Every structure is written in structure tokens, then in C-alpha cells.
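Please find one structure pasted underneath; my questions will follow.
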Amino acid sequence: KVGTLYDLPILVGLLAAQGQLLLKEPDSAFLGELSLSGELRPAAGVLPMALCAKRAGIRKLYVPKDNAAEATLARGPEVYPVESVSQLAAHLRGEAPISPAPAGIPCSSMPSRLTG
């Protein structure tokens, strides 16, 4: 593994393999860096990953909350902003659903005085 972007998918894979999480939707993907306390930290490279997920047919993408707006710019998978591993686990168990992120605003639609 290179970089921290794969922390969350590795953890989700391990928990699923141990039977601690049930992944009901095969067209979901996960990405993000984990802190030692289980919080998700923002990661670099989320938009390219979201675009790749779109091309791969991924329908649900779970990302750190601070990266959610960026990921929605791919106009592809439904993006779920995740704050922590415990929040994600509760969502996947159906105990506390996470709402999808609203679509972000591309820079080209921002006023020209802000985009230079």
C-alpha cells in the first residue's frame, strides 16, 4: 500500500472478512485515511478516485466528510460523507443511516471574481 487513501477500504475489508460488517451492496467503494482514534481524515486525490469509481460502475462511494463535496464533482456515484469508523459501521448495519452528500459546485460555475 502506498499512501493513506486506502486505510478505510483495508479496514472495511478486514472487518467484513471477520464477519463484523456485512457488505450488502457489491457496487460500493470506500476511501479515506484513518486516525488512530477511528476518525476519517481528509485525503488527497478524491476527485480522480471518484471519477474512476464512476467509470467502474460504483454506485455508492464512502469518503471522509471533508472530501464529500469534492467527490460529488464526479457526477457519478452517490457520495456518503463519513466522520468515523463507528459511524460507517452503524450505517452499514442499518442502525444510523448516513445521508448522501449534496452535489458540489464546480469552480467554473462560481463567479469569475472568485476563480480569477
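Collect residues whose amide H, placed 1.01 Å from N in the peptide plane, falls under 5 Å from the amide H of G76; neighbours closer than 5 in sequence don't count.
For G76, no residues qualify.
While we're looking at this one, here's another question. What does the charge count near C52 come to, summing +1 for each Lys or Arg and -1 for each Asp or Glu among other residues with Cβ under 15 Å from its Cβ?
+3
Moving on to the next point. Leaving out ligands and nucleic acids, and using a 1.4 Å probe, what accessible area per residue does the stretch 30-78 come to in Å²?
Roughly 52 Å² per residue, with all protein chains present.
Continuing with this model, one more query. Go ahead and collect, in residue order, the members of the stretch 57-80 whose backbone nitrogen is under 14 Å from a label point 7 Å along the Cα-Cβ direction of L47.
Taking a point 7 Å out along Cα→Cβ of L47, the residues of the stretch 57-80 whose backbone N falls under 14 Å are 67-76.
Using the Karplus curve 6.51 cos²θ - 1.76 cosθ + 1.60 with θ = phi - 60°, what ³J(HN,Hα) values do you get for each residue of the stretch 21-36, in whole Hz, with x for Gly and Pro?
10, 10, 9, 7, 10, x, 9, 10, 9, 10, 8, x, 8, 9, 8, 5
Let me ask you something else. On full extension of the chain, what length is gained from L23 through K60, given 0.36 nm per residue of separation minus the C-alpha to C-alpha distance?
Working it through step by step, the gained length comes to 12.1 nm.
Taking the simple approach of a point 7 Å from Cα along Cα-to-Cβ for both E95 and S37, what is their distance in nm?
2.0
Another question about this same structure. In a Gaussian network model over the chain where Cα atoms closer than 10 Å are linked, find which of L88, L23, L36 has the largest mean-square fluctuation.
Sorting by GNM fluctuation, first place goes to L36.
With a 1.4 Å probe and every protein chain kept in, tell me what percent of the accessible surface of the chain is carbon plus sulfur.
Here it works out to 58 percent.
I would also like to ask the following. So what are the ³J(HN,Hα) numbers for the stretch 67-77, from phi and the Karplus equation (6.51, -1.76, 1.60; θ = phi - 60°), rounded to whole Hz, Gly and Pro as x?
9, 4, 4, 4, 5, 5, 5, 5, 6, x, x
Which label marks the calculated value of Kirkwood radius over Cα pairs in Å, given the options (i) 14.6; (ii) 15.1; (iii) 14.0?
(i)
Net charge around E39, counting only other residues with Cβ within less than 12 Å of its Cβ (Lys, Arg = +1; Asp, Glu = -1)?
-2
The values are calculated or read from the model by the stated rules, or taken from the named source; none is laboratory data. No experiment lies behind these values; they were computed from the predicted model shown. Counting neighbours? That spans all protein chains shown, and the Cβs are built from the backbone with ideal geometry, glycine included. Accessible surface is based on the protein model in full, side chains and every heavy atom, while ligands, DNA and RNA are left aside. Shrake-Rupley method; radii C 1.70, N 1.55, O 1.52, S 1.80 Å.
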